[in-house]
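The values are calculated or read from the model by the stated rules, or taken from the named source; none is laboratory data. What you see is a predicted model; the values in this text were computed from it and never measured. When we count neighbours, we look across all protein chains shown, and the Cβ atoms used for this are built from the backbone with ideal geometry, even at glycine. Note: areas computed on protein heavy atoms with side chains; ligands, DNA, RNA excluded. Shrake-Rupley method; radii C 1.70, N 1.55, O 1.52, S 1.80 Å.
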Amino acid sequence: MPQTTLADQHSEPKPDLTIGFLLMKSFTLASVAGLVESLRFAADESFTSRQIFCRWEWMTCDNQPVTASCGLPVSPTADLDFTKKWDYFVVAGGLLEETRQPPQWLLEALKALHARNVPIITLCSGAFVAGNAGLLDGRHCAIHFTTRDEFRLRFPKAIPVIDKTYIKDGGIISCPGGTAIDLAADLIRQHCGLVRSQKVLKYLLVEEPAAPVRKSQQKSNLNEPDVYENELVNKVIEFMKHHLDSPVPLADVADFAGVTFRQLNLVFTKCTGYSAAVYWRRMRLEQARKLMADSSNSINAIATATGFADASHLIAWFRKQYGETPSSFRKRRRVVERLVKE
């Protein structure tokens, strides 16, 4: 697989999705391979495997090669660095002997990542590492059925679930094992668009899942990225989705949900890791970014369509959220499109 050097990263356009992989000793290969192979297909056109739309790096706790549980050795491609601006950080676990008692420095680093609102993905027994860091207290997490009893004993404040391929709850995305392709497809859909997500499923010979069952038909669908096991939160999120262009005051949203403004923020923070206002703004910014990528509409028009006061208001929040202005984002997208056609 071609490696991306530091010099290349400075000269290449910023990718839409970046993921750092921390491979624990005796990690499970299948889930890591399913996730990274999906990224590979989404990152470039055809089969050339260039890291254009997506970028990833392999890291280990001691910056030395690590061996998967199946015996395959893997060398890191970068030193372990928690300060990088990852879109997601993966803790890839495997044999419990290596994740039951993780080092304290790792737990502190993960807590700091979580405090910076960097989503953390746990693969296989990586959930035990997050549990030791206290990041799963009061949260639902998807774990392998063979580890449920021990997990419950070690982390009585967590809510383990054994019949989901992955769960997103409060900034932690837990995946119990398997191939992790469905998780990867959803991440790619969110960051790179539906077309690239469909390409991944097609190239990996995976059937696209049917449309998710609505909450009225099924009590909870924790596989869906932004569905939470809280009826009030889901009700408000649906309301927000239908009012991206004209957000009403949050006090009115609280009235709609039948709770006080303070109660609304408390339950949102508990379930999503964000206040209601921040969550809604992130939804509107994501919609604005999609419109910038898929249309030639002016920034003023996109600001109006996503509920921002004007173009300058959108530009300020866009820069804060994504680290670049809308114009630089569009310029980068044009460069990327030229690269993939070469």
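Multiply the residue separation of residue 117 and residue 248 by 0.36 nm, subtract the distance between their alpha-carbon atoms, and state the gained length in nm to one decimal. Each step should come with its number before you reach the end.
Working: separation 131, 0.36 × 131 = 47.16 nm, distance 2.54 nm.
Length gained between residue 117 and residue 248: 44.6 nm.
Order the peptides 296-304, 69-77, 22-30, 189-197 from the highest to the lowest mean number of other Cβ atoms within 10 Å of their residues. Mind showing how you got there, number by number?
On the way: 296-304: 15.7, 69-77: 12.9, 22-30: 22.7, 189-197: 18.0.
Put in order of decreasing packing, that is 22-30, 189-197, 296-304, 69-77.
Relative contact order of segment 1-159: what whole-number percent is it, with Cα pairs under 8 angstrom and at least 6 residues apart?
Numbers: 269 pairs, mean separation 34.7, N = 159.
Normalised by residue count, the contact order of segment 1-159 is 22 percent.
Trypsin sites (Lys or Arg not before Pro), restricted to segment 117-178: which are DSSP loop and have at most 16 other Cβ atoms within 10 Å? Don't skip to the answer; put the middle values down first.
On the way: sites: 139, 148, 152, 154, 157, 164, 168; in loops: 139, 157, 164.
In loop regions of segment 117-178 (DSSP not H, G, I, E or B), the sparsely surrounded trypsin sites (Lys or Arg not before Pro) are 157.
Distance between the C-alpha centres of segment 15-76 and segment 298-326: 33 Å, rounded to the whole angstrom.
For the chain, with only Lys/Arg (+1) and Asp/Glu (-1) charged at the beta-carbon, what is the dipole magnitude about the Cα centre, in debye rounded to 20? Working shown, then result.
Values: 42 positive and 37 negative charges, 131 e Å.
Approximately 620 debye in magnitude.
Beyond 22 Å in Cα-Cα separation lie the following of the pairs 111/290; 14/241; 199/290: 111/290; 14/241.
Determine the gain in length on full extension of the stretch residue 235-residue 295; use 0.36 nm per residue of separation and subtract their C-alpha separation, reporting nm with one decimal. Before the final figure, lay out the partial values.
Working: separation 60, 0.36 × 60 = 21.60 nm, distance 2.97 nm.
Between residue 235 and residue 295, full extension yields an extra 18.6 nm.
Taking the highest mean first, how do the peptides 48-54, 239-245, 317-323 order by number of other beta carbon atoms within 10 angstrom per residue? Before the final figure, lay out the partial values.
On the way: 48-54: 19.3, 239-245: 14.0, 317-323: 15.6.
Going from most to least packed, we get 48-54, 317-323, 239-245.
Pairs of Cα atoms nearer than 8 Å and 6+ residues apart set the relative contact order; for the chain it is 14 percent. Shown are 114, 313, whose ranking by accessible area with a 1.4 Å probe and every protein chain present, most to least, is 313, 114.
Beta bridges per DSSP, both residues in the chain: antiparallel share near 20 percent. Per-residue ellipticity at 222 nm computed for the chain from its helices equals -13500 deg cm²/dmol, with DSSP H segments shorter than 4 residues left out and the rest contributing -39,500 (n - 2.57).
Choose one answer from 118, 278, 32: the residue with the largest mean-square fluctuation in a GNM of the chain with alpha-carbon springs under 10 Å. Top of the fluctuation ranking is 278. The calculated FRET efficiency for the pair residue 159 and residue 263, based on their C-beta separation and a Förster distance of 22 Å, comes to about 0.60.
Remark: spin-label model distance residue 80-residue 146 equals 2.5 nm, labels positioned 7 Å along the Cα→Cβ axis. Across the cross-link table entries 84/235; 84/157; 168/202; 164/202; 85/164, which are compared at the Cα atoms, the separations over 27 Å belong to 84/235; 84/157; 85/164. The residue among 300, 155, 128 whose Cα reaches farthest toward the positive pole of the charge dipole of the chain, with charges on the beta-carbon of Lys, Arg, Asp and Glu, is 300. For Cα Rg over 2.2 N^0.38 Å, one of (1) 1.09; (2) 1.00; (3) 1.24 was computed from the structure I shared and the rest are decoys. Which label? Calculated Cα Rg over 2.2 N^0.38 Å: the matching label is (2).
Multiplying the residue separation of residue 49 and residue 278 by 0.36 nm and subtracting their alpha-carbon distance yields 78.9 nm. Give the distance, in whole Å, between the Cα centre of segment 248-296 and the Cα centre of segment 158-176. Value for the Cα centre distance between the two parts: 22 Å.
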